[in-house]
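Single-structure report; data block below.
The values are calculated or read from the model by the stated rules, or taken from the named source; none is laboratory data. Just so it is clear, the structure is predicted and the values come from calculations on it, not from any experiment. Positions of Cβ are backbone-derived with ideal geometry, glycine not excepted, and every protein chain shown enters the neighbour counts. These area figures cover heavy atoms from the full protein model, side chains too; ligands, DNA and RNA do not enter into them. Shrake-Rupley method; radii C 1.70, N 1.55, O 1.52, S 1.80 Å.
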Amino acid sequence: MSEIGIGLVGYKFMGRAHSNAWRQVARFFDVDPVPRLRAVAGRDEANVRAAAEQLGWEGYETSYQRLLERDDIHLIDVCAPGNAHHDIAIAALQAGKHVLCEKPLANTLDQAREMVEVAEASGKVNMVCFNYRRAPAVQLAKKLISEGRIGQVRHWRAVYLQDWILDPQFPLVWRLQKDLSGSGALGDIAAHIIDLSQFLVGPITEVIGTLNTFIKERPLEQASAGGGLQASASTEMGQVTVDDSTTFLARFENGATGTFEATRLAPGRRNFNSFEINGSEGSVIFNLERLNELQVYLTSDPEDVQGFRTVNVTEPVHDYASAWWPPGHIIGYEHSFVHTVKDLLEGVKANQSPAPTFADGYACQAVLDAVEQSASNRQWASVQTLPVAVSR
Ligand code: SOE
């Protein structure tokens, strides 16, 4: 059994979710290579040391560059804020490391294009952590569509609704600053439903949309007294430079229509990522807050039992399910990350980048970019595609 050394950059929410995935994957799946949690990197030594101990890393570094210099680290997992993705991923690829990068791939389309070009040239495995693709219920939706069981797909309809910044006193964290996050709800959560739509329905060719900022200034963030992970708000105010919400329409290459809404200002919606797909012979509905279930409607059902059925996607026949528990013993949010790193490790063994690759991350970034263009000039915007020279 071979081993692969992992180096993690960042240890906040996504760093914790990824750490759990690297710790758990070999305990539930037969993976080869087996991950060794070599080190987590962060600039504040006291905080990163505490995070290494709490999250199960063998050690820590106070710069990501130190991870790249280590011969016992072969894969870099980028869980840093969006403005750091480009530099860290490119340096890691050029240092001969495989790379898993949190979503969205980058803060700009130019950055994303360069990341794809370097990744393709490096020959290293590259992947973007759009983890919701690997909820078993989403995999079932993909299977039903691929097998033609809901017929020709005509409509995609998705919302991603949260409410964590509803309080105007919530501080101006990095996700609310364009230079750090690239955009707001658009790149953070609309990116997920864009990636899911292109995974399940196909490429988007055109969009028309709006971006909205309702709370235009917030208290500056200040590190809490004990230097802990939770920030507190100061009395000084700062400008919010990203969108609180986005709504847009899309045209898919295969002729389907798409409607998208993402907001962080929907009271009561904690992480409501939901899509509905209508085909010529059926429909499917997914709701992340009930992620073990897929609602399925098939016109082929006998007339006296027509209606949406709720499939509990925990049977051995369903992707990933048999690695966990018996049918009906449901799984959670964190399992989608375990499934992601499981498939990534299989990709490393085969030296084949598993989808979503950096090229798929670019395809999402191109939609983000088109929505921003459309919101600015109030017209339909075409979605850019990668230059032909860069293979998919
Ligand atoms: C915050 O919106 C966030 O943590 C996103 O950044 C994640 O991608 C999403 O999975 C949950 O919400």
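Annotations
- Residue within the stretch 138-157 that is closer than 20 Å to Glu102 by Cβ and within 12 Å of the ligand (Cβ to nearest atom) present: no
- Restricted to the stretch 333-350, and to residues there that are open to solvent by less than 30 Å² (accessible area, probe 1.4 Å) and among the small types (Gly, Ala, Ser), the residue that is nearest to the chain's Cα centre (by Cα) is Ser336.
- All positions within the stretch 297-314 that are surrounded by 20 or more Cβ atoms within 10 Å (Cβ to Cβ) and touching a Gly at 6+ places or on another chain (Cβ under 7 Å): Thr314
- Scan of the stretch 97-117 for residues that are among the small types (Gly, Ala, Ser) and within 16 Å of the ligand (Cβ to nearest atom), ordered by number: Ala106
- Qualifying residue in the stretch 358-373 (condition: out of contact with any Pro (no Cβ under 8 Å at 6 or more places or on another chain), assigned to a loop (DSSP other than H, G, I, E, B) and in contact (Cβ under 8 Å) with a residue 12 or more places away in the chain): no
- The stretch 244-266, subset part of a loop (DSSP other than H, G, I, E, B) and within 16 Å of the ligand (Cβ to nearest atom), residue most open to solvent (accessible area, probe 1.4 Å): Leu265
- Within the stretch 48-71, not a single residue is closer than 15 Å to Leu345 by Cβ, surrounded by 15 or more Cβ atoms within 10 Å (Cβ to Cβ) and either touching a residue at least 60 places away in the same chain (Cβ under 8 Å) or within 16 Å of the ligand (Cβ to nearest atom) (or both).
- Among the residues of the stretch 139-178, those identified as closer than 19 Å to Phe272 by Cα, in a loop (DSSP other than H, G, I, E, B), open to solvent by less than 70 Å² (accessible area, probe 1.4 Å) and not aliphatic (A, V, I, L, M) are Gln162, Asp163.
- Residue list for the stretch 153-187, filter: aromatic (Phe, Trp, Tyr) and in contact with a helix residue (DSSP H, G or I) (Cβ under 8 Å, 6 or more places away or on another chain): Trp156, Tyr160, Trp174
- Residue check for Val34: outside the structural domain of Asp343 (by TED's automatic domain parsing), in contact with a Phe, Trp or Tyr (Cβ under 9 Å, 6 or more places away or on another chain) and more than 19 Å from Arg134 (Cα to Cα): no
- One residue stands out in the stretch 179-200 among those that are under 15 Å from Val138 (Cα atoms) and open to solvent by less than 20 Å² (accessible area, probe 1.4 Å): the one that is nearest to the ligand (Cβ to nearest atom), namely His192.
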